[in-house]
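Peer 1: Sharing a structure here in structure tokens format.
The values are calculated or read from the model by the stated rules, or taken from the named source; none is laboratory data. This structure is a prediction, so every number in the text was calculated from the model and none was measured. All Cβ positions, even for glycine, are placed from backbone atoms using ideal geometry, and neighbour counts span all protein chains on display.
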Amino acid sequence: MKKIVNFVIFVIVLFPALVLAGTYQGLWIGQIELDKVNEVASKTDTNTLQPVKHVFDMTLLLHVDQAGMVRLLKNVTMMQKKEEVDGENIVRRVLITNDSLLPEYDGIVRRDGKLIGIRLGSLSYDFPTDQTEMPLTGNLSPGLTRSR
């Protein structure tokens, strides 16, 4: 059994203007490159990282909230809701991780005459059926390299 302990996150932000403004709030799509592992079942050395024969890449979805908290998402649907604020009609974009809430919102792209949401997901990892996200420690920034 091998445990993944070293990875590099390459982040592509959906809204580059936010990075220039100094905030990382929002939805991020990342690419993890697994290049080293350790052998947790080894009787002699469980701490030394060994290079893998073939690097493994996988996509991940991250959400950074207003407080800077980073969460790993299994899947997310981008939707919108029309609201009235100070007598003015606005459209607010939202990210939905709980599918039961989808009927309360409108889609953002038109397909066959109907507005639908944009759904993003990752096949590389899964959560228990009652869990839609996983809080992470640390912060997020472009080109961030993390080792564990």
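Let's see how each residue does on (1) assigned by TED's automatic domain parsing to the domain that holds T129; (2) among the basic types (K, R); (3) not in a loop (DSSP other than H, G, I, E, B):
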residue	(1), (2), (3)
K36	yes, yes, yes
K53	yes, yes, yes
F56	yes, no, yes
T59	yes, no, yes
M79	no, no, yes
I90	no, no, yes
V94	no, no, yes
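Peer 1: Moving to a separate point now. May I ask you to say which residue of G113, G117 is more than 19 Å from Q31 (Cβ to Cβ) and touching a helix residue (DSSP H, G or I) at 6+ places or on another chain (Cβ under 9 Å)?
Peer 2: Criteria check complete, one pass: G117.
Peer 1: Among the numbered conditions (1) over 16 Å from W28 (Cβ atoms); (2) loosely packed, with under 12 Cβ neighbours inside 10 Å; (3) free of Cβ contacts under 8 Å to residues at least 12 places away in the same chain; (4) assigned by TED's automatic domain parsing to the domain that holds Q25, tell me where S42 comes up short.
Peer 2: (2)
Peer 1: Just to be sure I understand, how many residues within the range 96-106 are outside any helix (DSSP H, G or I) and either assigned by TED's automatic domain parsing to the domain that holds L60 or closer than 16 Å to N75 by Cβ (or both)?
Peer 2: 4
Peer 1: Here's another thing I want to ask about it. Pull up the range 111-130, narrow it to residues that are in a loop (DSSP other than H, G, I, E, B) and within 14 Å of the chain's Cα centre (by Cα), then point me to the one that is surrounded by the most Cβ atoms within 10 Å (Cβ to Cβ).
Peer 2: Once the filter is applied, the top-ranked residue is S122.
Peer 1: Right, I90: touching a helix residue (DSSP H, G or I) at 6+ places or on another chain (Cβ under 7 Å) and at pLDDT 90 or above or not? Break it down into steps so the answer makes sense when it comes.
Peer 2: Values: touching a helix residue (DSSP H, G or I) at 6+ places or on another chain (Cβ under 7 Å): no; at pLDDT 90 or above: yes.
When the stated conditions are applied, I90 does not pass them.
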